[in-house]
Every structure is written in structure tokens, then in C-alpha cells.
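Quick notes on the structure that follows.
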Protein chains: 4
Amino acid sequence: MRKKGCLTLEDARILIEGAERKAADMKAPKSIAVADDGGHLIAFHRMDGANRTSIDIAINKAFTSACSHRATLDYHKLAAPGEPGFGLHMTNQGRLIIFGGGFPVGVDGEVVGGIGLSSGPVDEDLAVGEAALEYYQQRLRRG
Amino acid sequence: MRKKGCLTLEDARILIEGAERKAADMKAPKSIAVADDGGHLIAFHRMDGANRTSIDIAINKAFTSACSHRATLDYHKLAAPGEPGFGLHMTNQGRLIIFGGGFPVGVDGEVVGGIGLSSGPVDEDLAVGEAALEYYQQRLRRG
Amino acid sequence: MRKKGCLTLEDARILIEGAERKAADMKAPKSIAVADDGGHLIAFHRMDGANRTSIDIAINKAFTSACSHRATLDYHKLAAPGEPGFGLHMTNQGRLIIFGGGFPVGVDGEVVGGIGLSSGPVDEDLAVGEAALEYYQQRLRRG
Amino acid sequence: MRKKGCLTLEDARILIEGAERKAADMKAPKSIAVADDGGHLIAFHRMDGANRTSIDIAINKAFTSACSHRATLDYHKLAAPGEPGFGLHMTNQGRLIIFGGGFPVGVDGEVVGGIGLSSGPVDEDLAVGEAALEYYQQRLRRG
């Protein structure tokens, strides 16, 4: 038996709030998903103007990062045609996302979940996700 | 072309807030999903303590009620063995839920989306869903 | 080698027109699907006011009747719990519909396709489907 | 709550009529699908001679463009191997189409649905889709 960190709905709300602030600043409405360490959805917000195809993608980016402990951007290279991991995007019932916008959520060096951003260009998703994680870490430090 | 009402993220937040208040009062943590009129998820909160199997159910209850314009409880009778609609639970890729806890969200006599509640007994889901809809209508009236 | 009858888009249009007339008379907007003898969709109309969950159901009723050469209502008894065909609704990737509203389309004693109706009560679907088939047969006789 | 435009069956009929005229001129029979803003099918016609594999593709092109607000041709570059969005074709249960032939339908600067064309070469699909959209806009202007 061991203890593990466990994201609460309150943690997910803070992560989403951080994402929404950055996305609003950038005028880049996003679908934002937060999953627990089992990849199961805790919370999801689709900002007004985000595409309906982004729902599935944001949820599965959060799933992918929570369960693989990797940023989905890492797979962009690893799972490209000709690379050792080509084909990964077909696994996990098509839920393993191999482009940027999913991030593991880590606390005290342990992965406790994932966050996924989608709708619009990948570089936007990356900026919004990084801002969300930083906002969350600041809030944790403040206690 | 005609015009129709369209739920925003702010509408979904209010519906979820109404559900969370009632669920907290009842000490009955729920997965709460709000979908637009096409059944696409706008927002989702899983309260701490709600089951992981309730995620899919809440999301699909919201989908079912948004797209069929019915409370999912209506299907409990209609789709029971021996009844004319037995088999409905297999349609729509298994997303059509035939037990209580999904409600259409109506504004000015028009269905504009759905809300789904899950985790724990159906009668709890019904009580929480009804409270959420009432809370939302009160907020609309206050403007 | 043999020759077989083959529904054209024009045939499908006539079937749909017959269904739309009856459905309009009954003020019962329907999703209406016509499939070829392989169960593949030829034409589909969702009348204004028909539910979004009825799309999948109408298409799969047409598929079921085209491919099984049976009215889907026949399965209501045959595939009921305790009956020899219980479980049929799980086959064909969930596309085999076991409640009323799908009809084979026959010409000269040969099944050449199927029509499926959905949205609202099964008895409405039956009335609209029967009217569509009769309208089509009348048009065939008139040549 | 906000108001948004909503395609009717009559709108879908006009879009399909425009596509059928162009396709007939080009002797290039097509599957033609029109979806609402949630990606749900409103109407579908498979012209005599169009392939059975084109049914799924046309329907999903309409879904993709309705829900992503993009022409599917945009994804051809964005989701190619080595590009930032490689892997997109696996999302949304494989329904997100990354080659040409799907177009958003816009009215007054707002996306209200999608149209998808399939069967035969992509450049044909593009020509037929563009003609359909132009035909529809002309009809709207005439009122």
C-alpha cells in the first residue's frame, strides 16, 4: 500500500480557470478537459466559440497525458511515420492523441492527472496549457 | 433558415451550480453534464466521490435528452422488455440512455440542450436534476 | 448470373415524398431513410421538428429491413426476452433494430431495399411507412 | 443564451439541388450530405452511380465541416505526416475527415451547418461543393 496524490474537482476548477484566463487574453476560445490519474474526466468546459470537434480531442488529450505521463507533443515525433512508435495513434480505441495540447499534471514529482486543450492551432493549445499549469502551481504554493 | 436559442458556457455553469448545491445538500456527489441542442458537451463536473462509471452515463443522459427532447425516465417504460420501444438502448451507438437522470433544458418552450446526472440511485439523480432546472429558471427570470 | 431489381435515387425520392405527405397530414415530423438491397443509404430526409436521435434509428431500420427482408416490427416478438431470437439487437454492431418502423421495399415479389421511419411513437412510424410504400406502389403502377 | 441560425430541410434541399445540378453537368455522380450546426444529418442523396463507400465519407465530411467550421481540405495540409495536426484523422471516432470535399455552410458570417460530397476524385468533390454553396447563396439573396 502506498498513498498517492489525487486531483479534486477544486483542483480541476483551478486548472480550468487558469486556462480560461489565458485563452480569453489570447481571444482563442478552447475546449478544456481535466482528467484524474486514471484518465477519467473530472471537469470540462467548452468556451463559447470553441469548435464541437474539439470536445473529443481535449478529453482524449487529457486522457493520453494522464495515462502515459507524457505531453502529447512528445508523441508528435515518436509516433511519426518511420519512427519507432508509428501506429500509436491507432491504439487505445483511437484515444491516444499524438499532437500537442495534452499535458500531465504533476504535484511533488508525481503525475496525478492530465489536462487537454483543443480548438484552433496547436501552438495556441500549448500556450494555454502551459499557462494553466503555471496558474495551478502558483495556487498550490500559495496554499 | 430559422433562429433558435443556444446555451452558452455561462448557462451551463448555472445549471451545474444548481445541481452541485442540491447534491451537496443531499450528500450525494454526482457527475453533472450539460450538452447543447446537438447533444455536444458544453460543461461537465464530477463531484468528489462520484463514481468513474458515472462520467459516461451523465454525458450520455445529457446527449439523449438534448437530442430526443425527452426526459430519459420516459424511456424507462417505453423501452422496457415487451414495450414498443424495447431495443432503443442499443441505438445511437449505445448512447441513448433509458433510465432516469437526463432532462431536456427548455427556454421559452424550445429545447435548447440537456442535463444529465449520474452516480448513485436514480431517484437522487431525478431530485438533483429537477433542482438544477429550477435554479436555472429562477436565474433566467431574474435576468 | 441473374438480374435483380435495383432502387434508384428517383425511387427513393418517391418513397420519401409519400412518407412526407403522410407525416405532414399527421403533424408527425419524421426522419425518413431509404436503403438499397445491401442496406446502404440512398436518401435521407429529416423533417423539421424530428428528433436528432431519430437519424441513427431511421437509417438502421432501413438497413435492417433491407438486409433481413423483414419488417423490424417482426423482431419485436422474435427478439424479446425469453424468445428464440433474444440478443439479435446486439448483432450487426447494434444496427439491427427490433422495434417497428422499418419495412422491406418489394417490387415484383423481390426485396430491393428498405425504408425506415423514426421520431415519436412506433404506431406513427408504422402508419407513415405503410403510406410511403402504398404511394410508391401506386406510382409504379402508373409507370 | 444567445440566438443562432438554424438550417431547415428546405435549406438542405436547395443545397443538394445545387450539388446535383453541377454533378449532373460534370457526369460525376456524388453522395451529397447536409448536416446541421451540430453535425447531425438533415438530408442525404446518393446519385445513381456514386459508390457505396462514399456514403460514410460524405456524411462525415458534412459532420467535420459543420463541427470544426473548416473546409476538410484545410486539414489535408494541417494533418499530414510531419505537420502539427498529424493524428487528427483518428479523433472524433474516426469521423474527422482530412481530405477535400466538406464545406461549412455559412449565413450572415455564422456557420450553420456543413455539406459533404464524395465518390470519385477530390477535385470533382470540390467543384460540386462550391457550386452547391453558390447556388444556395443565390437562392438566399433572391429570398
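Could you give each residue of region B:93-99 its phi-based ³J(HN,Hα) in whole Hz, using Karplus coefficients 6.51, -1.76, 1.60 with θ = phi - 60°, and x for Gly or Pro?
Residue by residue, region B:93-99 yields 6, x, 8, 7, 8, 10, 9 Hz.
Using Cα pairs under 8 angstrom and six or more residues apart, how large is the relative contact order of chain C, in percent?
With pairs under 8 Å counted, the relative contact order is 29 percent.
If you put a point 7 Å past Cα along the Cβ direction, how far is that point for C:Thr91 from the same point in each other copy, in nm, smallest first?
Copy-to-copy label distances at C:Thr91, shortest first: 2.1, 3.5, 3.8 nm.
Does the protein assembly as shown come out rounded, prolate or oblate, given a ≥ b ≥ c as the square roots of the eigenvalues of its C-alpha gyration tensor, rounded meaning a/c under 1.5 and, failing that, prolate meaning a/b above b/c?
prolate
Using amide H atoms built 1.01 Å from N in the peptide plane, name the residues 5+ places from B:Ile42, or on other chains, whose amide H lies under 5 Å from its own.
B:Val34, B:Ala35, B:Asp36
In chain C, which residue puts its Cβ closest to the axis that turns chain C onto chain B, and how many whole Å away is it?
C:Pro81, 3
Could you please state how large a percent of the accessible area of chain A is carbon and sulfur, counting protein chains only and using a 1.4 Å probe? Intermediate results must be reported in sequence, preceding the final value.
Working: 3220 of 6290 Å².
Carbon-and-sulfur percentage of accessible area, whole number: 51.
Around D:Ile32, with a cut-off of 9 angstrom between Cβ atoms, what is the net charge of the other residues, counting Lys and Arg +1 and Asp and Glu -1? Mind showing how you got there, number by number?
Values: positive: D:Lys30, D:Arg46; negative: D:Glu20.
So the environment of D:Ile32 carries a net charge of +1.
Filter the chymotrypsin sites (Phe, Trp or Tyr not before Pro) in region C:60-140 down to the DSSP loop ones having no more than 14 other Cβ atoms within 10 Å, then list what survives.
Numbers: sites: C:Phe63, C:Tyr75, C:Phe86, C:Phe99, C:Tyr135, C:Tyr136; in loops: C:Phe86, C:Phe99.
Loop-located and lightly packed - C:Phe86.
Enumerate the calculated ³J(HN,Hα) couplings along region C:70-87 in order (Karplus 6.51 cos²θ - 1.76 cosθ + 1.60, θ = phi - 60°), each rounded to whole Hz, writing x wherever the residue is Gly or Pro.
Calculated HN-Hα couplings, in order: 10, 5, 5, 4, 4, 6, 3, 7, 4, 10, 6, x, x, 8, x, x, 4, x Hz.
If the limit is 23 Å between Cα atoms, which of D:Lys22/D:Lys61; B:Lys22/B:Lys61; D:Lys27/D:Lys77; D:Lys27/D:Lys61; A:Lys30/D:Lys3 go over it? Intermediate results must be reported in sequence, preceding the final value.
Details: D:Lys22/D:Lys61 19 Å; B:Lys22/B:Lys61 19 Å; D:Lys27/D:Lys77 29 Å; D:Lys27/D:Lys61 21 Å; A:Lys30/D:Lys3 21 Å.
From D:Lys22/D:Lys61; B:Lys22/B:Lys61; D:Lys27/D:Lys77; D:Lys27/D:Lys61; A:Lys30/D:Lys3, over 23 Å: D:Lys27/D:Lys77.
Treating the point 7 Å from Cα along Cα-beta-carbon as the label, what are the nm separations from A:Lys27 to the other copies, to one decimal?
4.8, 5.0, 5.1
Name the helices (complete DSSP H segments) of chain D with a Cα length along the long axis of 18 Å or more and a Kyte-Doolittle mean of at least 0.0, or state none. Spell out each step's value before the answer.
Details: long enough: D:9-25 (24 Å, -0.41); D:53-68 (23 Å, 0.59); D:122-142 (30 Å, -0.75).
Counting only whole DSSP H runs, the qualifying helices are D:53-68.
Give the residue list of trypsin sites (Lys or Arg not before Pro) in region B:19-86 that are DSSP loop and have at most 16 other beta-carbon atoms within 10 angstrom. Each step should come with its number before you reach the end.
Details: sites: B:Arg21, B:Lys22, B:Lys27, B:Lys30, B:Arg46, B:Arg52, B:Lys61, B:Arg70, B:Lys77; in loops: B:Lys27, B:Lys30, B:Arg52, B:Arg70.
Qualifying residues, ordered by number: B:Lys27, B:Arg52.
When the Karplus curve 6.51 cos²θ - 1.76 cosθ + 1.60 is applied with θ = phi - 60°, which whole-Hz ³J(HN,Hα) does each residue of region A:36-42 get, with x for Gly and Pro?
The phi angles translate into 7, 5, x, x, 8, 4, 9 Hz.
Roughly how many nanometres apart are two label points built 7 Å out from the Cα toward the Cβ at C:Arg141 and B:Met1?
4.5
Shape of chain A from its Cα gyration tensor (a ≥ b ≥ c, root eigenvalues): rounded if a/c is under 1.5, otherwise prolate when a/b > b/c, or oblate?
Details: a/c = 1.75, a/b = 1.14, b/c = 1.54.
Oblate, because a/c is 1.5 or more while a/b does not exceed b/c.
Rolling a 1.4 Å sphere over the protein heavy atoms, what is the accessible area per residue of region A:1-113, to the nearest Å²?
Numbers: 4870 Å² over 113 residues.
Per residue, region A:1-113 has 43 Å² of solvent-accessible surface.
How would region B:63-140 be classified by its alpha-carbon gyration tensor: rounded, prolate or oblate, with rounded meaning a/c under 1.5 and the a/b versus b/c comparison settling the rest?
Details: a/c = 2.34, a/b = 1.61, b/c = 1.45.
Note, shape of region B:63-140 comes out prolate.
Nearest 100 Å², what total accessible surface is buried between chain A and chain B (probe 1.4 Å)? Could you put the intermediate results ahead of the total?
Numbers: alone 7840 and 7790 Å², together 14040 Å².
Buried surface at the A/B interface: approximately 1600 Å².
Once you've got the GNM for chain B with C-alpha springs shorter than 10 Å, pick whichever of B:Gly18, B:Gly87, B:Gly109 has the biggest mean-square fluctuation.
Between B:Gly18, B:Gly87, B:Gly109, it is B:Gly109 that shows the largest mean-square fluctuation.
When we measure straight from the Cα of A:Lys4, which lysines land under 16 angstrom away, once same-chain ones fewer than 8 places off are left out?
Reachable lysines: none.
The values are calculated or read from the model by the stated rules, or taken from the named source; none is laboratory data. Nothing here was measured: the structure is a model prediction, and the numbers come from that model. As a convention, Cβ positions derive from the backbone with ideal geometry for all residues, glycine included, and neighbour counts pool all protein chains shown. Just so you know, the surface numbers come from the protein's heavy atoms only, side chains and all, with ligands and any DNA or RNA stripped out. Shrake-Rupley method; radii C 1.70, N 1.55, O 1.52, S 1.80 Å.
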